[in-house]
Every structure is written in C-alpha cells, then in structure tokens.
Amino acid sequence: MMRKVLESYFPFFNELDEDDRQRMSFYSFTQDFKAGDVILAPDDKCSNIIIVIEGRLKSLYSDREHPLLLYYLNENDVCTLASSQQLYGIGNKIALIADMDSRILKTPSSLFKELKDKYPQMSIYLRKNFMDRFSDILYILRSKGLSYAKQQVASYLYDLSLNSSSLTLHVKQEDISLDVGLSRSQVSNILRTLELEGMITSSRGIVQINDLSALGNV
C-alpha cells in the first residue's frame, strides 16, 4: 500500500533500487491532524519530507510577536522545510500548522540525505520544490520586514512628538538607530521615505513632523 502512495507522489521512486524502495516504504508513514494542530513548531528541526495528501497546511514565519503567513500547502504540495534545513541551513523560524483537518505523508529527511548522492534525481526534486517556494518566501519576508521597520521608526517619532509636545524633534539618526534597533542606513532610508510621503522633513539632527496623524497610522 505504501509503495503505491510513494509511487504516486515521488516521480523518482521507481528509479530506485529495490532495496531502497523497500526502505522508503518501511520508514514512510501517513499521519492525520485536526485543524489548528501544530505539525512543526518554530525552532523544531524538521525531520521529514512532508507531502499533503488531504486538507491544507499553512506555513508561518514566527520570528516576531505576530507570525507572518508565508504560504499555504494544498493537496499534493511538498513541504520544503526539511530540504531547506538539509540543503541550505534555514527554516528554523518557520512553523507548520494544519489549516483544516489534514492527512500528510512523512518520509525521513535523513533517508533523503543518505540517498540523494546515490540518486541525483532526488536532490533535483528537493531543490526544485524548495526553489519554487524560496523566491516567494524572500519576497514576503523582505516586504514585511521593510514595513515592520518603517512602522518602528514612525511609531518612535510619533511617541517622541507626543511626549515632548512638539512637532520639532531634536534627534539624530544615530539615536533613532540605537533606540529602535535598526542600522543607521535603514533609519536613513526610512526617514527619506517618510519625507517623500510628506509626513516629515528631516535635516541634520532635526526631524520636523508635518503630519502627525499619518505618522501614527503607518
């Protein structure tokens, strides 16, 4: 039964030696999850290649207070966490949650790691599935990261203006950088963006607030 399942999901399965097909069949298994169940928590090592047989999973980046939704894994989709950790050393901040009642297929990533040098098509399979997701992940993290940093700086200036009861703030970029935990170049770029959007006017050591309400709603 498991052989048929593996044949249907892994295009390279029938190209393996019989002994290796038997090993994959023996160590692979299916598992059911209820909606909301945590399949993989942040900082957990993903030890299996996962394929969604039924249902839907969601992948979250959980390095902040409010996790970011990266993507959904629908039926027949392959989870890239194990391959990203094995091949690229990333993925330890990503959680995997059952978005609805789901059934998944698990095959040990250690077995893939052992066999991928013997069967290059396995490595190609993992890399292709990973790269299909990787560009999307980078785009989401970069755009969300920039948005988050912009919010930090805007909130800092907004609070500083309220606390000083002034729209003219005597504050250096170095001070903002230290207080919000961003690099000076990041702060400089964000101040330039806020200025282009008409919220502030920035000069050496001075930030003039032009639209306090907009700044508070960034």
task: For the chain, report the accessible area per residue in Å² (1.4 Å probe, heavy atoms, rounded to an integer).
output: 55 Å²
- prompt: Among 57, 35, 177, whose Cα sits farthest toward the positive end of the charge dipole of the chain (+1 at Cβ of Lys/Arg, -1 at Cβ of Asp/Glu, about the Cα centre)?
  reply: 177
statement: Calculating percent of Cα pairs over 27 Å apart from this structure picks out, from [x] 63; [y] 36; [z] 48, entry [z]
query: Tell me which aspartates and glutamates have Cα within less than 14 Å of residue 116's Cα, excluding those fewer than 8 residues away on the same chain?
result: 15, 17, 20
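Apply the membrane-span-like helix rule to the chain: whole DSSP H runs, Cα extent along the own long axis of at least 24 Å, mean Kyte-Doolittle hydropathy at least 1.0. List the helices found.
none
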message: Suppose only helical runs count, i.e. DSSP H with n ≥ 4. What mean residue ellipticity at 222 nm does that imply for the chain under -39500 (n - 2.57) per run, divided by all residues and rounded to the nearest 500 deg cm²/dmol?
response: -15000 deg cm²/dmol
Other-chain or far-sequence residues with amide H under 5 Å of residue 171's (modelled H): 206, 207
field: GNM result for the chain, Cα springs below 10 Å: residue of 56, 184, 21 fluctuating most strongly
entry: 184
- prompt: Over the chain, what percent of the accessible surface lies on carbon and sulfur atoms, probe 1.4 Å?
  reply: 49 percent
- prompt: Which value, in Å² and to the nearest 10, is the accessible area of residue 218 when all protein chains are kept and the probe is 1.4 Å?
  reply: 50 Å²
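Using 19 Å as the Cα-Cα cut-off, could you pick out the over-long pairs in 58/93; 34/106; 4/118; 34/58?
Table pairs above 19 Å Cα-Cα are 4/118.
Quick check on the stretch 7-51: take the gyration tensor over C-alpha atoms, sort the square-rooted eigenvalues as a ≥ b ≥ c, and tell me if it's rounded (a/c under 1.5), prolate or oblate.
Prolate, since a/c reaches 1.5 and a/b exceeds b/c.
The values are calculated or read from the model by the stated rules, or taken from the named source; none is laboratory data. Source: prediction; values computed, not measured. Cβ sites come from the backbone with ideal geometry, for glycine too, and all protein chains shown count toward neighbours. Quick note on the areas: whole protein, heavy atoms, side chains included, nothing else; ligands and nucleic acids left out. Shrake-Rupley method; radii C 1.70, N 1.55, O 1.52, S 1.80 Å.
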